[in-house]
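Just so it is clear, none of the values below were taken in a lab; they were calculated from the coordinates. None of these values were measured; they are calculated from a predicted model. In this analysis, Cβ positions are derived from the backbone assuming ideal geometry, glycine residues included, and neighbour counts consider all displayed protein chains.
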Amino acid sequence: MSETTKDIEALRNRVLSGEVKAGALVETSVKAAEALNETLNAFLEIDRAGALARAGEIDGRLSLSNRDSASAPALAGIPIAIKDNICVRGMQTSCGSRILGDYHPPYDATVIERLLGAGAVVIGKTNCDEFAMGSSNENSAFGPVRNPWDTARVPGGSSGGSAAAVAAGIVPVALGSDTGGSVRQPASLCGVVGLKPTYGRNSRYGLVAFASSLDQVGIFARSTVDIARVLRITAGRDPRDATTADVPVPDYTAELTNDIKGARLGFPKSLFGEGLDAEVRSSVEAVVDVYRELGTEIVEVELPHAQYSIAVYYIIATAEASSNLARFDGVRYGFRAEDAPELRQMYRKTREEGFGPEVKRRIMLGTYVLSAGYYDAYYRKAQQVRTLLKDDFRKAFESCDAIITPTSPTPAFLIGEKVDNPLAMYLNDIYTVTANLAGVPGLNVPCGLSSNRLPIGFQLLGYYWSESTLLKLADAYETARPFTERPPICAS
Ligand code: GLN
């Protein structure tokens, strides 16, 4: 097993004890990224020199200071990968788009600043759907990412590169962004754990905006405990993002006690109906049985407005995207079209050549639903239904501590299978978008393989700020039914 498939604590202890240098650990990770990139296309940039230099610094600092576990940085020498829509100083931020191309931001996102402060080493930027719009990673301007379980299949999207990098054992942890499921859905399709925290838990400063009222930075790892460790570092109020809340950040790992007796798990029966793959259904129902055995009480809950969530999401997300993406005009960042002597012509040509078809579709949809004649019929109505959906969750969480659903209606589908049918693609997000609309946290946990050896995941949804509860429930499941399978494409 490769070094980088071990959990963070084990890796950190080896670095602290001097058994392995941070430099060697990072070298292993970079090498795996380089070796597998031709097959997976998971990375858009691999920063070998920068990562090794930074690992060297950490080794230097550790040899000077004490190596005591309590005082040493929590992520000392841990290699991480970052979705290419989160700013890391000195590296590119393309958002999977030609319009940003090799844009190099002059600053770190707050989540990056915090991870670096804890001793983590960024090894590269991961491939993603253009501006995080997609569920398959086929919308990247730089080619699709391939699923390490079956390279003919999608890894999910939009954070497919980050999910594939963790699944393939290149890095133990990666960051993505989740606007409507882009961390949880690829985590499910790649067989790793993926968290979208409560809106306002992680700072969005330095995350390139897609739909600001839905976007959250999320975390991929191979175990719940690693998610808990990383969230403790990234989470918390940030004066540079007014939507972060001043809610205390608990020691998430300390709360992973495995004692979930008496917890109440909500089962929304109506979400297990039509359109759900039979193997996914039976796997997630089997998880419910495990929870029952572990002493949780299963209670039926209703989310009556969940049936409208795809429609509401694709109105609100496109409306916000059309406004956020107005800033890409060829003047401020990245790419500018040539042969456009007049200003408006330059804007038009830059956007025409710089944006891909899905981004253009969303800008048009969003502009339409915000236009004077349609605002009330679409945008205002969608916001009203969003409020009803929030209310559904408030009521449901009166009788339970978490809700269980599938994460994705099917295991990984084939590259090309849905690319010409946007509606079929949008329907993939049926289980994930509700959490973003309501602002509540959601977690994907792997729970087995399909008959053709593709990962299946279940989702736990919680009330605001209940990440601890979700992580504790997930950790108890993992302890009872560890998911130890590895994909055929994996760092050796
Ligand atoms: N698949 C959804 C979309 O295409 C979600 C994307 C995301 O979470 N960034 O909008």
Q: Add +1 for every Lys or Arg and -1 for every Asp or Glu among the other residues with Cβ under 10 Å from the Cβ of Pro487, and state the total.
A: 0
Q: For segment 235-301 and segment 357-418, compute the distance between their C-alpha centroids and round to whole Å.
A: 20 Å
Q.
On a full-extension model of 0.36 nm per residue, what is the gain between Arg453 and Asp277, subtracting their alpha-carbon distance, rounded to one decimal in nm?
A. 61.9 nm
(Q) Across segment 73-202, what fraction of all alpha-carbon pairs, as a whole percent, falls in each successive 5 Å bin from zero upward? (A) 2, 13, 21, 24, 22, 13, 4, 1, 0
Q. Given Lys83/Lys269; Lys349/Lys390; Lys125/Lys472; Lys395/Lys472, which pairs have Cα atoms separated by over 32 Å?
A. Lys83/Lys269; Lys349/Lys390
Q | Ascending count of other beta-carbon atoms within 10 Å, so fewest first, for Val20, Val192, Val26 | A | Val20, Val26, Val192
(Q) Quick check: pseudo-label points 7 Å beyond the Cα along Cα→Cβ at Asp259 and His104, how many nm apart are they? (A) 5.3 nm
Q: May I ask you to sort Val359, Val290, Val145 by Cβ crowding, counting other Cβ atoms within 10 Å and putting the fewest first?
A: Val290, Val359, Val145
Q: With label points built 7 Å along Cα→Cβ from the Cα atoms of Ala242 and Ala70, find their separation and express it in nm.
A: 4.2 nm
(Q) In Å and on Cα atoms, what radius of gyration and Dmax does the chain show? (A) 21.3, 70
Q.
Looking only at the chain, where both bridge partners belong to it, what percent of the DSSP beta bridges are antiparallel (to the nearest 5)?
A. 70 percent
(Q) I need the calculated FRET efficiency for the pair Glu285 and Val331, taking r as the beta carbon distance and R₀ as 51 Å, to the nearest 0.05. (A) 0.40
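Relative contact order of the chain: what whole-number percent is it, with Cα pairs under 8 angstrom and at least 6 residues apart?
18 percent
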(Q) With 10 angstrom as the radius, rank Val284, Val331 by how many other C-beta atoms surround their C-beta, starting from the fewest. (A) Val331, Val284
**Q.** FRET efficiency, Val20 to Leu343 (Cβ-Cβ, R0 60 Å, nearest 0.05)
**A.** 0.60
